[in-house]
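**Student:** A single structure is presented below for examination.
Read the figures in this text as sums done on the coordinates, not as results from a lab. Nothing here was measured: the structure is a model prediction, and the numbers come from that model. When we count neighbours, we look across all protein chains shown, and the Cβ atoms used for this are built from the backbone with ideal geometry, even at glycine.
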Amino acid sequence: KVVFEPSMEGYVNLFTERTRATDDMLEEAGEPETWYEEIARNQGTVISGPSRYGERFLNSVIIGFGSTALCMILGTAAAYAFSRFRVPLKDDLLFFILSTRMMPPIAVAIPIFLMFRNLGLNDTHLGMILLYTAVNLSLSVWLLKGFIDEIPIEYEEAALIDGYTRFQAFYKVVLPQAATGIASTAIFCLIFAWNEYAFAVLLTSGTAQTAPPFIPTIIGVGGKDWPAVAAGATIFLVPVMVFTILLRKHLLRGITFGAVRK
């Protein structure tokens with residue numbers, strides 16, 4: 001209770017903070033708005049105003065969901081290979097893949113910036129999607145390998161005996177059973193890509209800039225417009241919340257997957 005109530009108060013303030021100019025805050029005019037009318041007006045002010053927040057929000061959607069989808073495709077294929085085939089130096093390769101996530105972004109930002117500049121990927125959606133995919137790939141491979149390991153290989157062997165190809169067995173037998181793990185992993189990858197700040201600050205400036213580095217720069221009359229910042233942060237919360245709610249059943253099943261065996 002001590003932690004929950006102050007946290008909820010902060011979120012409520014984000015939703016109800018008024019996005020008005022400084023002069024407007026000194027006077028009250030008209031009848032009070034209902035809570036949903038106030039939220040709609042406040043958020044609409046941020047999106048349609050001169051800050052161009054809508055463009056940054058759209059960039060976050062494109063880069064976040066694009067990198068998550070690509071990471072799931074590559075991560076599932078790699079995890080299946082590590083789980084089902086004899087890969088030379090498997091343990092060493094898995095550790096190397098995981099070690100790429102141990103490096104702080106600032107340590108590799110300059111080499112990545114120089115590489116992106118030479119390849120023409122600096123401040124582009126494609127460049128950020130590829131970068132976030134590379135960062136999240138280690139997490140997705142490790143998580144998905146654990147889920148696929150829990151699927152009995154006898155199911156695939158039975159499918160192969162029935163005439164399925166290896167790809168058909170993977171697509172029609174393994175993937176449906178691994179859907180829980182894929183959904184759970186997708187949530188974690190999306191949260192990282194959605195909230196990532198360091199790479200977004202260092203490698204984007206306009207065309208592909210996402211919402212996290214842009215929200216603090218929203219400037220109003222006489223300084224920072226904190227109500228506008230609050231409204232922008234509120235809008236920014238919605239997609240991940242909706243995505244997580246839609247996949248919450250898979251997330252709960254994924255946490256306990258393989259915990260109980262017959």
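**Student:** Please state the charge dipole magnitude for region 89-195, taken about the Cα centre, from unit charges on C-beta atoms (+1 on K and R, -1 on D and E), reported in debye and rounded to the nearest 20.
**Tutor:** 460 debye
**Student:** Taking the beta-carbon count within 10 Å as an exposure proxy, list TRP142, TRP226, TRP194 from fewest neighbours to most.
**Tutor:** Going from sparsest to densest Cβ surroundings: TRP226, TRP142, TRP194.
**Student:** On to the next question. How far is it, in nm, from the label point at ARG117 to the one at THR217 when both lie 7 Å from their Cα along the line to the Cβ?
**Tutor:** Those two pseudo-labels are separated by 1.8 nm.
**Student:** Sorting TYR80, TYR171, TYR164 on the 10 Å Cβ count, fewest up front, what's the list?
**Tutor:** In order of increasing Cβ crowding within 10 Å: TYR171, TYR164, TYR80.
**Student:** Work out, step by step, the length gained on full extension between ARG86 and ALA158: first 0.36 nm times the residue separation, then minus their alpha carbon distance; give nm to one decimal.
**Tutor:** Length difference between fully extended and current span is 23.9 nm.
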